[in-house]
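Notes follow once the structure below has been shown.
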Amino acid sequence: MWNRARHTGRVAAVTLKRRSRRTFSSLKVRNYRLYFIGQTISLCGTWMQSLATAMLVLHLTGSGTALGLVMGLQFTPLLLLAPYGGVLADRFSKRRLLAITQSLAGLLALTLGVLVATGSVRLWMVYLLAFGLGIVNAIDNPVRQTFVHELVGRKQLANVITLNSIIVNASRVVGPAIAGLIIAQLGLAPCFLINALSFVAVLVCLAMMHGSELALSPRVQAAKGQLRAGFSYAWKTPIIRDVLIMMTLVGTLSYEFSVSLPLLAHLNFPGTEAVVAGNVALLMSFMGVGAVVGGLVAAGKGGRNMRSLTIGAFGFGAAMVLVSVSPTLAWAGLAMGIVGYFSVSFTAHTNTILQTVSSAKMRGRVMALWAMAFIGTTVIGAPIIGWVGQQAGPRWSLIVGAAAAMAAGGVGLISSRAHAYEISELPAAAPAKALETA
């Protein structure tokens, strides 16, 4: 009995060690290590600015609708212009485009920080700068999503996408926590200024990369109809179409936490401005911790399939229901941890599936549609969620998001039964052929 227990323990230890190696295997690639470091620093600044922007708008207006409108303006360009960003990603050097977009984002953060520090900021300025950042992100997002493929190639793609999700969600823990402390002690302006400085880290890391080690995708020559070709390709490839529909449902109504959480803290767990900011940071941090745990679990696993994506969607929706009925801040925080666990599973699966099955010459345009579905739809969802939260209460805004996630799970269930998708059984890329210039 004792020998059997020792053997079982050794097997478990070996399995854990192997999974741990798989979880961080992509960090062996030098270029990706640099990218990982730069993004970790920059995204902490981004989440600091996200919280500070929400608190700034609530300070200026006290309106959930105004908060939703700011978020909507920030993502309007992604909804309208992301496909053009995808075309640029397919045509030009992704590394060079990232250097440009990251520089511009840093300048916009610096401008907002100076306006807040000098007391010159007005709501219309916040609207304008949010819209400007949206234009930058419309190009940056599809470029950044596809750049990771050049950093590590197809073999490590699933691992890298999950690690990137871990970066995003770990920074969701650190960024708001730091921002909450800074807002309480120094006010809002330093959050914007620190975010501006964080973009320098990205630029330094991009400059340090070895261009010869990048797995460069073939560049598409300029031709008429490339934008239309991207839409046609996505619609005519069933798995891409189904995944994008699921992402659209969740992106529009479920992922509006930048609106629903500040409202939940402001209306259901009220206090001074510093207390509310701390409560929002706490909820975001719990979500981030859950997402990091979920990401670490997912990164150690193999491929991605529609069944796992469907489970992630249903779990996401169920967890949001738990948040909506939580009687105290502590219970809401624990439920947000579960939300984070399933959210990273859902987003990592959608990203990996789309990049795996897409043609190399169409990958930029497909991921631009993913960005539209995930982030760009905020222009529609944020005002809706803000209005629901203002009129019926923030708990109902969370229930609306939960319903959308459940609906996405239903789409995945129907799709997986109809097509029995398994990424391991799919070709390296779905054919593009005549669709390239259709």
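The values are calculated or read from the model by the stated rules, or taken from the named source; none is laboratory data. It should be emphasised that the depicted structure is a prediction, and the values quoted were computed from it without experimental measurement. Here the Cβ is made from the backbone with ideal geometry for all residues, glycine too, and neighbour counts use every protein chain on show.
Can you name every residue in the stretch 378-398 that is within 16 Å of L69 (Cβ to Cβ) and crowded, with 24+ Cβ neighbours inside 10 Å? Working first, answer last.
To start, the set of residues in the stretch 378-398 that are within 16 Å of L69 (Cβ to Cβ) comprises 378-391, 397.
The answer is T378, G381, A382, I385, G386, V388, G389, S397.
One line per residue, one yes/no per condition, for (1) without any contact (Cβ under 8 Å) to a residue 60 or more places away in the chain; (2) assigned to a helix (DSSP H, G or I); (3) hydroxyl-bearing (S, T, Y); (4) touching a Leu at 6+ places or on another chain (Cβ under 9 Å):
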{"site": "L334", "(1), (2), (3), (4)": "yes, yes, no, yes"}
{"site": "G337", "(1), (2), (3), (4)": "yes, yes, no, no"}
{"site": "V344", "(1), (2), (3), (4)": "no, yes, no, no"}
{"site": "T347", "(1), (2), (3), (4)": "no, yes, yes, no"}
{"site": "S359", "(1), (2), (3), (4)": "no, no, yes, yes"}
{"site": "G364", "(1), (2), (3), (4)": "no, yes, no, yes"}
{"site": "A373", "(1), (2), (3), (4)": "no, yes, no, yes"}
{"site": "I384", "(1), (2), (3), (4)": "no, yes, no, yes"}
{"site": "W387", "(1), (2), (3), (4)": "no, yes, no, no"}
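Hey, M367 hits all of (1) closer than 20 Å to L398 by Cβ; (2) within 17 Å of the chain's Cα centre (by Cα) but one; which does it fall short on?
All conditions pass for M367, except number (1).
Results for (1) surrounded by 14 or more Cβ atoms within 10 Å (Cβ to Cβ); (2) over 30 Å from Q156 (Cα atoms); (3) in contact with a Phe, Trp or Tyr (Cβ under 8 Å, 6 or more places away or on another chain), shown as yes or no for each residue.
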{"position": "L181", "(1), (2), (3)": "yes, yes, no"}
{"position": "A184", "(1), (2), (3)": "yes, yes, no"}
{"position": "L188", "(1), (2), (3)": "yes, yes, no"}
{"position": "F192", "(1), (2), (3)": "yes, yes, no"}
{"position": "V200", "(1), (2), (3)": "yes, no, no"}
{"position": "V204", "(1), (2), (3)": "no, no, no"}
{"position": "M209", "(1), (2), (3)": "yes, no, yes"}
{"position": "K224", "(1), (2), (3)": "no, yes, no"}
{"position": "W235", "(1), (2), (3)": "no, no, no"}
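Quick check, is L227 more than 30 Å from G409 (Cβ to Cβ), outside any helix (DSSP H, G or I) and either among the aromatic types (F, W, Y) or at pLDDT below 90 (or both)?
Working: more than 30 Å from G409 (Cβ to Cβ): yes; outside any helix (DSSP H, G or I): no; either among the aromatic types (F, W, Y) or at pLDDT below 90 (or both): yes.
Against the criterion (more than 30 Å from G409 (Cβ to Cβ), outside any helix (DSSP H, G or I) and either among the aromatic types (F, W, Y) or at pLDDT below 90 (or both)), L227 does not qualify.
Could you pull out every one of the helices (runs of 4 or more DSSP H) wholly within the stretch 51-152 that has 1 or more residues that are free of Cβ contacts under 8 Å to residues at least 24 places away in the same chain and closer than 30 Å to S212 by Cβ?
On the way: elements: 64-91, 94-117, 123-152.
Here the list reads 94-117.
What single numbered condition from (1) assigned to a loop (DSSP other than H, G, I, E, B); (2) touching a residue at least 60 places away in the same chain (Cβ under 8 Å) fails to hold for P327?
So P327 meets the others, but not (2).
Do the conditions hold for N164, that is, is it polar (S, T, N, Q) and within 14 Å of the chain's Cα centre (by Cα)? Please lay out each step first, then the result.
Values: polar (S, T, N, Q): yes; within 14 Å of the chain's Cα centre (by Cα): yes.
It is true that N164 is polar (S, T, N, Q) and within 14 Å of the chain's Cα centre (by Cα).
Got a sec? Which of L283, L263 is over 14 Å from A335 (Cβ atoms), modelled with pLDDT of 80 or more and buried (at least 22 other Cβ atoms within 10 Å of the Cβ)? Outline the logic, then answer.
On the way: L283 fails: over 14 Å from A335 (Cβ atoms).
Being over 14 Å from A335 (Cβ atoms), modelled with pLDDT of 80 or more and buried (at least 22 other Cβ atoms within 10 Å of the Cβ) holds for just one of L283, L263, which is L263.
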